[in-house]
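The values are calculated or read from the model by the stated rules, or taken from the named source; none is laboratory data. These numbers come from a predicted model, not from an experiment. Positions of Cβ are generated from backbone atoms using ideal geometry, with glycine treated the same way; all protein chains shown enter the neighbour counts. Protein only, heavy atoms only, side chains kept; ligands, DNA and RNA dropped before computing areas. Shrake-Rupley method; radii C 1.70, N 1.55, O 1.52, S 1.80 Å.
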Amino acid sequence: MNWKKPITSSLKSLSLSIALVCAGTYIAHAETLGEPEKEELKFGFIKLTDMAPIAIAYENGYFEDEGLYVTIEAQANWKVLLNGVIDGTLDGAHMLAGQPIAATMGYGTKAHIITPFSMDLNGNAITVSNDIWKKMKPNIPKMADGRPVHPINADSLKPVIESLASEGKPFKMGMVFPVSTHNYELRYWLAAGGIHPGYYAPHKGDNSGQIDAQALLSVTPPPQMPSTMEAGTIHGYCVGEPWNQQAVFKGIGVPVVTDYEIWKNNPEKVFGITAAFAEKYPNTTIRLTRALIRAAKWLDDNSNANRPAAVKILSQSNYVGADYDVIANSMTGTFEYEKGDKRAVPDFNVFFRYNATYPYYSDAIWYLTQMRRWGQISDDKSDQWYKDLAAKVYRPDIYAKAAQSLIDDKSIPANEFPDFTKENGFKAPQQHFIDDIVYDGNQPNAYLEKFKLGLKKGDKL
């Protein structure tokens, strides 16, 4: 399904006239940014709550403020979405952070995809079936009131997997795509608990990711996760919302850990476009980035005061299409684990604060380290290689132009953005991982050497 605001010559003229007369801002924008080279655009998304900046930029008229007339279209899966951007069917899309990196690197479909905008932080969780949860629960420490202590580590799952293995039964989990955040977060959590999630060996033609695996991970589209687990095809999954909360509402599974607990304030989705699009339509690129930044800020404004309104929009069938209560369960600052065990998680979804929208090179490098750790990158690479590829894909230069124009026209205060005169694209070393390993994006190879499980320097399958 796709939909867009009506586009007629008279409407465009009227919209422009109103902008000129009422605010005078469009003239200032046109002078400093230039008119959009391409006005009519089509953007793709997957039915997940973290597509919200696109929906809000559309519904709140932020795209139209930039002279952009946008069609939005839900996509069947991540591969279809990526192919649409590559072949030009889509001008841009809500993407897994690993997709532009992998495509540019040539893992899978080869294409130079960039991102000028990071869509959010956090937003995922790992859910297991009721049967697996029942077996895990005795291994988990309890609070005084009898509820499980969080975060729940994967070491509580290890004896369950070993028991299944002794019966000749494999342990299977779903994730949404081989280069998805979900794949790497699930692998990270499992490995931190001593469970091997398996290797890839693309140089041998093996892209299963199941070499030496104690847990077999496979791809399942996000909306199909609950039903696939309910059918017994998989024992659990890692996915974004609302599909973990859906398992709680349906009574078929229990979310055991959020990605916020695996890696506090981890980057999640990005907005992806081809490098060719950005080069051919530079003004359009900056303007669509402006609209997305404004939408992200609206989503986080006033301590998430706009979230109920956002949930109402997202619950529409043409966006996420899940029940209001299911989406609100995580989107409005809480998260329900075991049925009835609802806890405050105000940062489960972050769209703007903590510089969430800035495309940090260090974020891209983290994904690359996990690709190397699990064999999607078959050979050793230098630290400089990681940095060069990150800079080819993540484009803070475009973001800074869009943000600075919003500062200049007083739409958003400068103190709500990074200091662009000092920003180098690398976050300070990050300490908030479930295994307490510190990540420094400036030293990717040294980081890889810290892990007990995973490929090290000199390793090749």
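Run through every distinct alpha carbon pair of region 213-285 and return the Kirkwood hydrodynamic radius in angstroms, one decimal place. Its Kirkwood hydrodynamic radius stands at 15.0 Å.
Binning all Cα-Cα separations of region 364-425 at 10 Å, short to long from zero, yields these whole-percent fractions: 19, 36, 23, 17, 5. Taking every Cα-Cα distance in the chain and sorting them into 20 Å bins starting at zero, the pair-distance distribution P(r) comes out as 25, 57, 16, 1 percent. In region 60-211, the portion of solvent-accessible area held by carbon and sulfur atoms comes to 52 percent [1.4 Å probe, whole percent, DNA, RNA and ligands not counted]. Here is the P(r) of region 326-461: all C-alpha pair distances, binned every 10 Å from 0, give 11, 30, 28, 24, 7, 0 in whole percents.
Paramagnetic label reach from A201 (point 7 Å along Cα→Cβ; backbone nitrogen cut-off under 18 Å): within region 435-461, residues 454-461.
Mean separation of Cα pairs under 8 Å and 6 or more residues apart, divided by the residue count, gives region 33-74 a relative contact order of 59 percent. Annotation: extensible slack from E423 through E449 equals 6.6 nm (criterion: 0.36 nm per residue apart, minus Cα-Cα distance).
Label positions at S227 and A309, each projected 7 Å from the Cα along the C-beta direction, are separated by 3.4 nm. Rg and Dmax, both from the Cα atoms of region 280-330 and both in Å, are 13.9, 43.
Put a dot 7 Å past the Cα of E416, heading toward its Cβ, do the same for F433, and the two dots end up 3.3 nm apart. Accessible area per residue for region 72-112, computed on protein heavy atoms with a 1.4 Å probe, is 31 Å².
Mean separation of Cα pairs under 8 Å and 6 or more residues apart, divided by the residue count, gives the chain a relative contact order of 21 percent.
Determine, from the Cβ-Cβ distance of S218 and D87 and an R0 of 22 Å, the FRET efficiency 1/(1 + (r/R0)^6), rounded to the nearest 0.05. Plugging the Cβ-Cβ distance into 1/(1 + (r/R0)^6) gives 0.25.
The slack between S382 and D325, meaning 0.36 nm per residue of separation minus the straight C-alpha distance, is 15.8 nm. Kirkwood radius, region 127-219, all distinct C-alpha pairs, inverse of mean reciprocal distance: 14.2 Å.
Counting only Cα atoms, region 260-380 measures 47, 38, 28 Å along its principal axes, largest extent leading.
Entry note, region 317-461: relative contact order of 25 percent, from Cα contacts under 8 Å with a spacing of 6+ residues.
For a modelled paramagnetic label at E162, 7 Å from Cα along Cα-to-Cβ, the residues of region 112-149 in reach, with backbone nitrogen under 20 Å, are 132-142. Where in region 150-191 is the amide nitrogen less than 14 Å from a point lying 7 Å along the Cα-to-Cβ axis of R343? Label zone hits: 150-154.
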